[in-house]
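Everything below concerns the one structure shown next.
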């Protein structure tokens, strides 16, 4: 080692030596920075501009912030490789501020499609849309399972197939979450008003004679299970665990408990255990839980004990083996049109670019909504230190082009692996669609697609 | 020199000599985590005082403190927060460069994250000062670049 280098280094701690380290090491730091810091870095000097313009770097950033599945899907959809630049793509994704809705239709003359309903479950798993149960006119429950193969493109014409299995028993207000290739269904209410607490595992199967079909199996959970309920919220935390919160339990009481289900490797057994931690979100129903990646889930809205419509946001994360709830504080007054934010019976789905897309539901004035709100997850606190900050600018309203769907609540949504296509089905809508409910609302049987438009 | 009675690696210490001539002791199992040190030990043997020309007495004790905690498996988020709490930006940079030189991967990754955290939401001027780089753009070039990149700016923290 040259003595001269070490002497000058000793005397010049805050100097240029840091820029003399290999590019790979600078990349290590860059890949840990948020985008605005990387772009600030690119304006500092020519050398850093060159380093931060590397297309390989931006591909890594796309993978980091959009996910590998999404990046693969985008590559497949790309039409023009010559003009393709990862940095341009990142910028485009970042700047999306609207969605385009498309009404999906069924093959001409096809009479086999799910009837109108609400509080059903809708999932995207193994390239298929899967629909189960729900409530329909007369307050009756449904117990039918429907599957439609989607594949990788977004279809204009969809063919549903019904699966006659008789299980699980009919219900609405249940939850059904995707866990890898499986669906995990829990709870719900039937038309006698009985709350359930059984757990089911479902899977798309390919049968030689029947083609694509779906099969359900009850999960053996032993003696411990959460108290029966419906209108609770659930989502998957990782490839083995699911979390549920709240809901309406026995005697119509709103619950505020948190439970975790852990599946065995074989998926034949599961164990439930309650997470009794404080603070935790107050009791509620009709709220949403969504996994936002890296073992974190977000809870939003719902209807509380006093029947009020809520707008609080809670983050559930695991930290060194423990789960904890952190309330994410934000200033409702400072958000344009923020008064419409409290929601119940809405949907919250993760879409392209680390955003939570919140659609529909009912607001505090009992109006059904048709708007799209985005919660910007990337500005969320990731350490305890920032958990007391009141965040601003985390909510954005997106425009919607194309087909204009009816305002609805207690509909269901799911997103495909690209994160660009959100499917919406059913729900309660205004007006006399089915002309049976005395309160002037009806159940809807519309299926439409919400697309995040990208030029590829 | 007479060796200590127990010759198992866990209680063996290595002597490290900094660029400014000071000597520090480190357990052999901790030294193993720093690949540069391990390579020198492999070449020179573990009885000799290992020379580290590019690391100095100001930062080596801190590095040794980190790896001492590491071999007992006690590095927690709290420990890491405490570790960098009183360090100013220059001190973190020096440790970062030393960790790079010593090929001390865990410390290097931890400090990378810390540097990234310190740069988050800071202005371009702050980042320039931090890396000690000169602005070699013309005013026109710079304002054009800033405009092109404005899409990502969320808001700058007050320079601390």
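We did not get these values from a lab; they are worked out from the coordinates using the rules stated. All values reported here derive from a predicted model rather than from experimental measurement. Here the Cβ positions follow ideal geometry from the backbone for every residue, glycine too, while neighbour counts run over all protein chains shown.
A few comments on the model shown:
- Along each principal axis, taking the top coordinate minus the bottom one, the Cα set of chain A gives 86, 51, 48 Å in descending order.
- Modelled FRET efficiency - R0 22 Å, residue A:143 with residue A:110, Cβ distances, 0.05 increments: 0.50
- DSSP beta bridges in segment A:99-170 [antiparallel fraction, %, rounded to 5]: 95 percent
- Between the helical axis of B:60-71 and the longest alpha-carbon principal axis of chain B there is an angle of about 70 degrees.
- Rh (Kirkwood; distinct C-alpha pairs) - segment A:98-182, Å: 14.0 Å
- Summarising the label geometry, the points placed 7 Å from Cα in the beta-carbon direction at residue B:22 and residue A:269 lie 5.8 nm from one another.
- Inter-part distance where segment A:301-339 and segment B:69-140 are each reduced to a Cα centre, Å: 33 Å
- Kirkwood hydrodynamic radius of segment B:16-144, from inverse mean 1/r over distinct Cα pairs, in Å: 16.3 Å
- Selected from B:84, B:133, B:92 as most flexible by GNM, with chain B as the system and alpha-carbon contacts under 10 Å: B:133
- Tilt relative to chain A, helix A:86-95 - C-alpha long axis, 0 to 90 degrees, to 10: 50 degrees
- Fewest-first sequence of A:132, A:124, A:425 by Cβ atoms within 10 Å of each Cβ: A:124, A:425, A:132
- Against chain B, whose longest principal axis comes from its Cα atoms, helix B:35-44 is set at around 40 degrees.
- Neighbour-count order for A:330, A:423, A:94, fewest beta carbons within 10 angstrom listed first: A:94, A:330, A:423
- Across all directions, the shadow cast by the convex hull of segment A:295-407 built on its C-alpha atoms averages 8.1 square nanometres.
- Surface/4 estimate of mean projected area, convex hull on alpha-carbon atoms of segment A:17-93, nm²: 5.5 nm²
- For chain A, calculated [θ]222 nm from helices alone, where every DSSP H run of n ≥ 4 adds -39500 (n - 2.57): -4000 deg cm²/dmol
- Between residue A:64 and residue A:192, the FRET efficiency estimated from the beta carbon spacing at R0 = 56 angstrom works out to 0.65.
- Counting Cβ atoms of other protein chains within 10 Å of each Cβ in B:95-105 and taking the mean gives 2.
- Largest-first ellipsoid semi-axes for segment A:256-342, taking √(5λ) over the Cα gyration tensor eigenvalues, angstrom: 28, 15, 12
- Shielding by partners - mean other protein chain Cβ count within 10 Å, residues of B:116-127: 5
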